1. Can you name the strands (runs of 3 or more DSSP E) wholly within segment 136-204 that have at least 3 residues being of a type in the set (Ser, Thr, Tyr)?
2. I'm trying to understand the selection: among the residues of segment 289-301, which are touching an Asp or Glu at 6+ places or on another chain (Cβ under 6 Å) and either part of a strand (DSSP E or B) or within 13 Å of Lys233 (Cα to Cα) (or both)?
3. Filter segment 203-223 for residues that are at pLDDT below 95 and surrounded by fewer than 22 Cβ atoms within 10 Å (Cβ to Cβ); which is farthest from the chain's Cα centre (by Cα)?
4. Among what's in segment 44-54 and is surrounded by fewer than 17 Cβ atoms within 10 Å (Cβ to Cβ) and under 23 Å from the mean Cα position of the chain (by Cα), pick the residue that is farthest from Lys358 (Cα to Cα).
5. Among the residues of segment 344-356, is there at least one that is modelled with pLDDT of 95 or more and over 20 Å from Leu287 (Cα atoms)?
6. Restricting to segment 392-411, what's the tally of residues that are exposed (fewer than 13 other Cβ atoms within 10 Å of the Cβ) and in contact with an Asp or Glu (Cβ under 9 Å, 6 or more places away or on another chain)?
7. Among the residues of segment 55-84, write down those that are loosely packed, with under 11 Cβ neighbours inside 10 Å and touching a Phe, Trp or Tyr at 6+ places or on another chain (Cβ under 7 Å).
8. Here are Leu86, Leu39, Leu6, Leu57: which of them is within 22 Å of Glu176 (Cα to Cα) and either at pLDDT 95 or above or not basic (Lys, Arg) (or both)?
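The values are calculated or read from the model by the stated rules, or taken from the named source; none is laboratory data. Source: prediction; values computed, not measured. Glycine also receives a Cβ, built like all others from the backbone with ideal geometry; neighbour counts cover every protein chain displayed.
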Amino acid sequence: MTTAALTKKDILVESLSQLDFSNEPTFAQELRSKAKEALNHLDFPTSKTEYWKYTRLGKIINKTYFVQNKNAVPQIDVTSFTIPNLDSNIVVLVNGYYSDELLRIAPQSGVTIKSLKNAIQQPDSFVSNKLGKIAKAEKEIFIALNTVSFTDGVAINIDKNVACEKPIHVINVVTEKNLIANTRVLVQAKDNASVKIIESFVNLGGAESFTNSVAEFFLSVNAQVEYNKLQNKEGESYQISTEQVYQEANSHFTINTITLDGTLVRNNLNIDVDAEGCETNLNSIYLGKESNHIDNHTIVDHLKPNCNSNEVYKGILDDNSVGVFNGKVFVRPDAQKTNAFQQNNNILLTDNAVINSKPELEIYADDVKCSHGSTTGQLDEEAIFYLQARGISKKSAINLMISAFIKDALETITIEALKNYIDTKIETRFTK
């Protein structure tokens, strides 16, 4: 480890040192202590680190950040960040802190939505048994950083045989320049439970910031979870996002990742399929512009037989933007009759846009159906001309083709208002 690297890490850790967690119960303090110890042995990945080879972190780690005290968090209006025509439970995290003032939750028996910071303090909470159990600090420096210093987050528990009636919308807002926000989401869906979650990441006034988020999902037998992640941070903003998922028998997990903006965005998605009959869907649309760098890194680990996973990632890259897709599917020896599909398709709108695509399969079982593929191309100029010849403007023709291209990546979004919202955002983007 070089002195320069140590200095960068020390500076980043120092920016978090003012945080005081001394009032937390023993299990939480031990979790943070172990993560801090792991942090001492972890280094920031470089281009020589295989699973980070296409993404350089200099833009993040060369800056100096501060963490805001909860008492200094400003009051804000989040109306512009809500989803039109969507009746949902709303939770807001401002600069890393849960906002009681902006909370809007409809009480429902069997559904618990709480501040993670408050849930940690309750001895009967599921948090003490689940927090940090699958997001391992010793394996990844950004998970370690988050575990050492997450200021707050959301704890969601859906009891056995309960269907959460309204989607839960978690809005992460950053308002300050040079601020670092470490937030955490913990979701437990018990047997036969179901829930739909939206988590959006935004900032006010293009505030230059760094968000390091971690989410852990525990799906029990027959549980169903749909998680929709919207990333739309304007200006000079950075985000490292990690989702860890654990699936038990016959559970269904769907994640839809929609990246609309962000200077540097890295999504780490790791799913352990640890029982028979599971269904796993990973879908993403990422739109790059200017000098955006958007990196999606996924791992689906099939540990048991008779499971399906489907992965569809669609990228549209403009200007000098860079996209990365590195998806890996493991099929372990016991995972016979696995059906795994992985597809990455990209459109480059300029000669300067770049995509690095690396879908991978690692199969140790012999009775499986697995396939992967990757394509990169440009919009069909003849098709655009054909549409123009029938009275459609060029901008509208481009928008029609882009909408057709991304359509199948939106199919697993079951919240109609959210789907319409995304359609509108994309249409606005490509008809300006």
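1. Working: elements: 152-158, 168-174, 179-189, 194-203.
Fully inside segment 136-204 and qualifying: nothing.
2. Initially, segment 289-301 is screened for residues touching an Asp or Glu at 6+ places or on another chain (Cβ under 6 Å), giving 289-290, 301.
Listed by number, the residues that qualify are Lys289, Asp301.
3. In this case the residue turns out to be Gly205.
4. Restricting attention to segment 44-54, the residues satisfying the condition of being surrounded by fewer than 17 Cβ atoms within 10 Å (Cβ to Cβ) are 46-51, 53.
Cutting the leftovers down to under 23 Å from the mean Cα position of the chain (by Cα) gives us 46-47, 49-51, 53.
Details: Thr46: 18, Ser47: 15, Thr49: 15, Glu50: 12, Tyr51: 10, Lys53: 11 Å.
The qualifying residue farthest from Lys358 (Cα to Cα) is Thr46.
5. no
6. 0
7. Passing the criteria: only Pro84.
8. Numbers: Leu86 fails: within 22 Å of Glu176 (Cα to Cα); Leu39 fails: within 22 Å of Glu176 (Cα to Cα); Leu6 fails: within 22 Å of Glu176 (Cα to Cα).
Within the list Leu86, Leu39, Leu6, Leu57, the selection yields Leu57.
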